[in-house]
Amino acid sequence: MNEYLKLENVADERGEEPAKVARTLVRLGCNLYLHFGPSRDSRSGVSFYPEHPTERMEHNIGSGDKQLTKDSQEAVIKRLGRGDTTTEGLTVLDVSPNEVSQKLVLSCDEIVELDPKPEVLKFQIELMEQDDSVCVVVDPDDVAKLPPPPKTVEGATVTGELPYAKNNFENFVNYEKDVDERFESGKRKPHTVFITNEIKVNQNRGDTWKKFIQLANVSVGKKQVMIPGYGKIYLRRVRLNPEKEILYSHEQFEHDKSKKMPIGVFLIKRTAFDKAWTKIAQQ
């Protein structure tokens, strides 16, 4: 398993601000993590299952690297942009082992008890106290996906040894512009960004929804599709209501129902899409 790198150190090596590096990584579909080092004092948190967000329990957070939820990743980026490195109120993902009993019913109505089936339960932990020893870290494999830092490209000889440097730099600038638009405009949901793009050339709300459905048909939760200004994402139509409900996630998923959605899978209803379209059209 790779040893995660401190985001601040990665940013220093690239000569960039941590917020900018974090935005770029998330834009590439990567994740941000919190590192909890060994501590004599217990770290206070509240754990809950996404399916039952109101049922919360006190949780002692152990050491290790834990992935931030998508909302908390965006919150971290905004905090870092303000020079705020606090972690209180952020939410991370964790898992716990569990066993599910299994029974086999024979043709003679006899019930046979089978060995329990192991499974992993996913839950979330909200940090309730500030802990200065906790820091944001990133996967080194994800860091390798980052484009060259601007200073590296600017120092290259565009017409000589690196004829591709100018194009790389221009792509990087446009790429960063897209990232900034996503996080600073407040339009962080994929359908609102999609509507903003489409409404410039298509004034028909129904046609815009149909195009969004087409993206879901291409993705089916397994293939990333690109929404300019937002980034790559996975979409999937809800099986029992495919014309009016679409699921989305930043990771591949098999779920196709509008209830009991796994962590990281979210629902977009046609009604919410239409309201967003009308609001954006009036701007």
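Derivation of every value follows stated rules applied to the coordinates shown; laboratory data play no part. From a predicted model like this one, the values you see are computed outputs, not experimental measurements. A quick note on method: Cβ atoms are made from the backbone with ideal geometry, for glycine too, and the neighbour counts reach across all protein chains shown.
The GluC sites (Glu not before Pro) of the range 218-283 meeting both criteria, a DSSP state outside H, G, I, E and B (loop) and at most 14 other C-beta atoms within 10 angstrom of the site's C-beta, are GLU243, GLU254. Across the range 191-207, rounded Karplus estimates of 3J(HN,Hα) from the backbone phi angles (6.51 cos²θ - 1.76 cosθ + 1.60, θ = phi - 60°) give 6, 6, 5, 4, 4, 4, 5, 6, 5, 5, 10, 9, 9, 9, 4, x, 5 Hz, Gly and Pro being marked x.
Extending 7 Å from Cα along the Cβ direction at LYS244 and again at LYS222 yields two label points whose distance is 2.8 nm.
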